[in-house]
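*Asks:* This is the structure I want to talk about, given as structure tokens.
The values are calculated or read from the model by the stated rules, or taken from the named source; none is laboratory data. What you see is a predicted model, and the numbers here were worked out from it, not measured in a lab. Using ideal geometry, Cβ is built from the backbone for each residue, glycine included, and neighbour counts are taken over all protein chains shown.
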Amino acid sequence: MRSHYCGELTAKNISEEVTLSGWVHRRRDHGGVIFLDLRDREGLTQVVFDPDRAESFALADSCRSEFVVQIKGLVRARPEGTVNPNMVTGEIEVLGHELEILNRAATPPFQLDDHQTVGEDIRLKNRFLDLRRPEIQQKLRFRSKVTSVLRSYLDENGFLDIETPILTRATPEGARDYLVPSRTHQGSFFALPQSPQLFKQLLMVSGFDRYYQIAKCFRDEDLRADRQPEFTQIDLETSFLGQEEIMSLTEGMITNLFKELKGVDLGTFPRMPFAEAMEKYGSDKPDLRIPLTIETVSDLMTEVDFKVFSGPAADPKGRVAALKVPGGNSLTRKQIDEYTKFVGIYGAKGLAYIKVNDKSDLEEGLQSPIVKFLPVDVRQALLDRVEAQDGDLIFFGADQTHVVNEALGALRCKLGADLDLYTCEWAPLWVVDFPMFEETSDGGITAIHHPFTAPSCSPGELQANPLTALSQAYDMVLNGTELGGGSIRIHQAEMQQTVFELLNISAEEQEEKFGFLLDALKFGAPPHGGLAFGLDRLVMLMTGSASIRDVIAFPKTQSATCLLTQAPGEVNEKQLKELSIRVRKPVAE
């Protein structure tokens, strides 16, 4: 039903007879001549109908936006002065000879070329229309190219594409599972996989050596702009490769992807220990495009007569830190108040600051409500520590370490965006040397990544000092976004049991939930490791999208609902009875 796609026609096609099929993007009547902009997935072509062909002219006159039509006509050059350099087809137009209306369309709930004022809820409810917009189509086409390039790279490097089960059982991977009731095993439940972690490790034990999969994963967690209840991972695992070899291979994959699709050379990825990332940037995924760093000043504040600073400075779990903003004196009090409100989101109780008007005058040259609490020698040491210059502004965080890190880390990124402090377009890095565990609020410990990550020490050393032990884990970060995370896995049963015990997983629970893995590790499991990239997040970053919902064909909302299909939905009593399930309605308040 077509000889060409609309977006394919150029000056090379002038004088050719063509057949086009697509949607009427726009209809214009210019003094007896009707113009239809015809759209398909490749772009737009302007089609002209004149009254000389009465039948086709009348049909063109009846067309409206989103009518599906087939057009036959002659490609010709646009008249002088009407060339559109912003369109691939801007040098030509098609003189319409024949027109067939394949399907009429009701008036759309929103204009596809004027979506900026349309609420996302309306767009998602009518996603089949929203997907017609060239902007969204381009992003999904780009997504397809991303997976194609990645598959080619992994195929060329000896990886095998192997599928793993979707119906599995619950595993402790940091988020809630989506559960699926079993009809044939009443009272039992499958779980949708949070990742293919255990199965890909079993594939390594099975001798497949190099595995990959474009895998669907599911997590029942609170959502943000870069999270969805179902998402896609570029999942891979290898045997007989060390941490540096895996990092080098996957770094090459992402570097190749950006060269192929963006024409960008990301260069070499620097390595940064987790401790340094938290100390200097307040985040385990620092945005290195922003030149601001956080400096610890706790040692300067232990004796000051200002409990807001001296309290956290003396607390082993507290921190006082400074964030210098070069030229920040230009910020108004209103702006500072807005930043104070912003850090409150992260638990900060306030945001102290000092404006450096004249660093040589420690009495009158520093402008701040807190200067009077700081002795002159502390003021000087502080200015030296942050290398302050005249015109700079210094923000402070003082609280529990995790609150200071989150608040100042987020403030650093917001200042970078608000003040346009970016020094480059792309800033990749590896964050390495993560702790194995972190302490929970009830005094227990939990795995930083997952319980299958190998530590950088022996089982005995791990048992003796679990909170100081480092893991063989590594995260790839780009522009403050975690692209992917991975680790060397535990390949010996003794080490895996040690980790389970430290996580307070009993021998009975180990056998019930992970008996198959522990058995596999006893039968010659090779050293192995891997990494998983978030495909949605990667495409979002590469296309400059504000949300991963813009790069997923049929996304859920932030409340994990599908406005298009109205999922999740209720099921009838017969289905519930077959599954031996009774729904308890929440008690109305």
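*Asks:* Anything in region 157-179 that is part of a strand (DSSP E or B) and either buried (at least 16 other Cβ atoms within 10 Å of the Cβ) or modelled with pLDDT of 95 or more (or both)? List them, or say none.
*Replies:* Residues satisfying the conditions are 160, 161, 168.
*Asks:* How many of the residues in region 488-507 are part of a loop (DSSP other than H, G, I, E, B) and without any contact (Cβ under 8 Å) to a residue 12 or more places away in the chain?
*Replies:* Number of matching residues: 1.
*Asks:* Separate question: Go through (1) free of Cβ contacts under 8 Å to residues at least 40 places away in the same chain; (2) under 36 Å from the mean Cα position of the chain (by Cα); (3) outside any helix (DSSP H, G or I) one by one and return the number of the condition residue 362 breaks.
*Replies:* Of the numbered conditions (1) free of Cβ contacts under 8 Å to residues at least 40 places away in the same chain; (2) under 36 Å from the mean Cα position of the chain (by Cα); (3) outside any helix (DSSP H, G or I), the odd one out for residue 362 is (2).
*Asks:* Let me ask something else. Can you run down the residue pairs with Cβ atoms below 7 Å, 6 or more apart or on separate chains, where the first is in region 267-293 and acidic (Asp, Glu) and the partner is in a loop (DSSP other than H, G, I, E, B)?
*Replies:* Close Cβ pairs satisfying both conditions: 287/427; 287/479; 287/480.
*Asks:* Right, here's the next one. I'd like the full set of residues that are within 47 Å of the chain's Cα centre (by Cα) and polar (S, T, N, Q), limited to region 50-68.
*Replies:* 62, 65
*Asks:* Return a yes/no flag: does region 480-503 have any residue that is closer than 19 Å to residue 276 by Cβ, touching a strand residue (DSSP E or B) at 6+ places or on another chain (Cβ under 8 Å) and surrounded by fewer than 16 Cβ atoms within 10 Å (Cβ to Cβ).
*Replies:* no
*Asks:* Something else: Does region 9-49 hold any residues that are within 36 Å of the chain's Cα centre (by Cα) and surrounded by fewer than 18 Cβ atoms within 10 Å (Cβ to Cβ), and which are they?
*Replies:* Answer for region 9-49, where residues must be within 36 Å of the chain's Cα centre (by Cα) and surrounded by fewer than 18 Cβ atoms within 10 Å (Cβ to Cβ): 26, 41.
*Asks:* If I filter region 504-521 for residues that are touching a Gly at 6+ places or on another chain (Cβ under 9 Å), in the same structural domain as residue 229 (by TED's automatic domain parsing) and small (Gly, Ala, Ser), do I get at least one hit? Outline the logic, then answer.
*Replies:* Of the residues in region 504-521, the ones touching a Gly at 6+ places or on another chain (Cβ under 9 Å) are 504.
From what's left, in the same structural domain as residue 229 (by TED's automatic domain parsing): 504.
Filter once more, so that each one left must be small (Gly, Ala, Ser): none.
No - not one qualifying residue is present in region 504-521.
*Asks:* A further question follows. Considering only region 393-442, state which residues are closer than 26 Å to residue 476 by Cβ, among the charged types (D, E, K, R), in a strand (DSSP E or B) and in contact with a helix residue (DSSP H, G or I) (Cβ under 7 Å, 6 or more places away or on another chain).
*Replies:* Selection gives nothing.
*Asks:* Can you go through 49, 35 and tell me which one is over 25 Å from residue 129 (Cβ atoms), outside the structural domain of residue 141 (by TED's automatic domain parsing) and of a type in the set (Phe, Trp, Tyr)?
*Replies:* Every option except 49 fails the conditions.
*Asks:* Among the residues of region 200-238 satisfying the criterion of being among the basic types (Lys, Arg) and at pLDDT 95 or above, which is surrounded by the fewest Cβ atoms within 10 Å (Cβ to Cβ)? Reasoning before the result, please.
*Replies:* Pass one, region 200-238, residues among the basic types (Lys, Arg): 200, 210, 216, 219, 224, 227.
Restricting the remaining residues to those that are at pLDDT 95 or above gives 200, 210, 216.
Values: 200: 24, 210: 21, 216: 13.
Across region 200-238, the extreme among qualifying residues is 216.
*Asks:* On the given criteria, is residue 397 out of contact with any Leu (no Cβ under 7 Å at 6 or more places or on another chain), in contact (Cβ under 8 Å) with a residue 12 or more places away in the chain and not assigned by TED's automatic domain parsing to the domain that holds residue 472?
*Replies:* When the stated conditions are applied, residue 397 does not pass them.
*Asks:* Restricting to region 1-60, what's the tally of residues that are small (Gly, Ala, Ser), under 17 Å from residue 84 (Cβ atoms) and touching a helix residue (DSSP H, G or I) at 6+ places or on another chain (Cβ under 6 Å)?
*Replies:* 1
*Asks:* In region 560-589, what residues are in contact (Cβ under 8 Å) with a residue 40 or more places away in the chain, within 30 Å of residue 549 (Cα to Cα) and touching a strand residue (DSSP E or B) at 6+ places or on another chain (Cβ under 9 Å)?
*Replies:* 560
*Asks:* Scan region 508-557 residue by residue and report those that are part of a helix (DSSP H, G or I), touching a residue at least 24 places away in the same chain (Cβ under 8 Å) and of a type in the set (D, E, K, R).
*Replies:* Of everything in region 508-557, those that are part of a helix (DSSP H, G or I), touching a residue at least 24 places away in the same chain (Cβ under 8 Å) and of a type in the set (D, E, K, R) turn out to be 513, 536, 537, 549, 550.
*Asks:* Also: Could you please let me know if residue 29 is in contact (Cβ under 8 Å) with a residue 24 or more places away in the chain, more than 23 Å from residue 137 (Cβ to Cβ) and either of a type outside the set (A, V, I, L, M, F, W, C) or part of a helix (DSSP H, G or I) (or both)? So that I can check it myself, show each step before the final result.
*Replies:* Values: in contact (Cβ under 8 Å) with a residue 24 or more places away in the chain: yes; more than 23 Å from residue 137 (Cβ to Cβ): yes; either of a type outside the set (A, V, I, L, M, F, W, C) or part of a helix (DSSP H, G or I) (or both): yes.
Spelling it out, residue 29 is indeed in contact (Cβ under 8 Å) with a residue 24 or more places away in the chain, more than 23 Å from residue 137 (Cβ to Cβ) and either of a type outside the set (A, V, I, L, M, F, W, C) or part of a helix (DSSP H, G or I) (or both).
*Asks:* So which of 126, 157 ends up being touching a strand residue (DSSP E or B) at 6+ places or on another chain (Cβ under 9 Å) and over 17 Å from residue 21 (Cβ atoms)?
*Replies:* Within the list 126, 157, the selection yields 157.
*Asks:* So in region 309-345, with the set limited to residues that are of a type in the set (Val, Ile, Thr) and in a helix (DSSP H, G or I), which one is surrounded by the most Cβ atoms within 10 Å (Cβ to Cβ)?
*Replies:* Filtering region 309-345 for residues that are of a type in the set (Val, Ile, Thr) and in a helix (DSSP H, G or I), the one surrounded by the most Cβ atoms within 10 Å (Cβ to Cβ) comes out as 343.
*Asks:* Could you list all residues from region 182-206 that are without any contact (Cβ under 8 Å) to a residue 24 or more places away in the chain and over 30 Å from residue 578 (Cβ atoms)?
*Replies:* The answer is 206, and nothing else.
*Asks:* Answer yes if at least one residue in region 71-94 is touching a residue at least 12 places away in the same chain (Cβ under 8 Å), exposed (fewer than 13 other Cβ atoms within 10 Å of the Cβ) and in contact with a Ser or Thr (Cβ under 8 Å, 6 or more places away or on another chain), and no otherwise.
*Replies:* The answer is no, given that none of the residues of region 71-94 is touching a residue at least 12 places away in the same chain (Cβ under 8 Å), exposed (fewer than 13 other Cβ atoms within 10 Å of the Cβ) and in contact with a Ser or Thr (Cβ under 8 Å, 6 or more places away or on another chain).
*Asks:* Tell me which residues, restricted to region 437-477, are over 24 Å from residue 198 (Cβ atoms) and charged (D, E, K, R).
*Replies:* Matches in region 437-477: 439, 442, 461.
*Asks:* It is to be established whether one or more residues within region 332-347 are of a type outside the set (Phe, Trp, Tyr) and closer than 20 Å to residue 305 by Cα.
*Replies:* Among the residues of region 332-347, not one is of a type outside the set (Phe, Trp, Tyr) and closer than 20 Å to residue 305 by Cα, which makes the answer no.
*Asks:* Would you say residue 460 is more than 28 Å from residue 423 (Cα to Cα), at pLDDT 95 or above and out of contact with any His (no Cβ under 8 Å at 6 or more places or on another chain)?
*Replies:* So residue 460 fails the test.
*Asks:* Separate question: Considering each residue of region 346-369, count those that are in contact with a strand residue (DSSP E or B) (Cβ under 9 Å, 6 or more places away or on another chain), surrounded by fewer than 16 Cβ atoms within 10 Å (Cβ to Cβ) and closer than 24 Å to residue 299 by Cβ, and give that number.
*Replies:* 4
*Asks:* If we scan region 539-560, do we find a residue that is closer than 23 Å to residue 434 by Cβ and in contact with a Gly (Cβ under 9 Å, 6 or more places away or on another chain)?
*Replies:* The answer is no; no qualifying residue exists.
*Asks:* Here is a check on your reading of the model: is residue 560 part of a strand (DSSP E or B) and either at pLDDT 95 or above or not hydroxyl-bearing (Ser, Thr, Tyr) (or both)?
*Replies:* It is false that residue 560 is part of a strand (DSSP E or B) and either at pLDDT 95 or above or not hydroxyl-bearing (Ser, Thr, Tyr) (or both).
*Asks:* Ok, one more. Report, by residue number, each residue of region 388-434 that is among the charged types (D, E, K, R) and either surrounded by 21 or more Cβ atoms within 10 Å (Cβ to Cβ) or over 25 Å from residue 358 (Cβ atoms) (or both).
*Replies:* Initially, region 388-434 is screened for residues among the charged types (D, E, K, R), giving 390, 392, 399, 406, 412, 414, 418, 420, 425, 433.
Within region 388-434, 399, 406, 412, 414, 418, 420, 425, 433 qualify.
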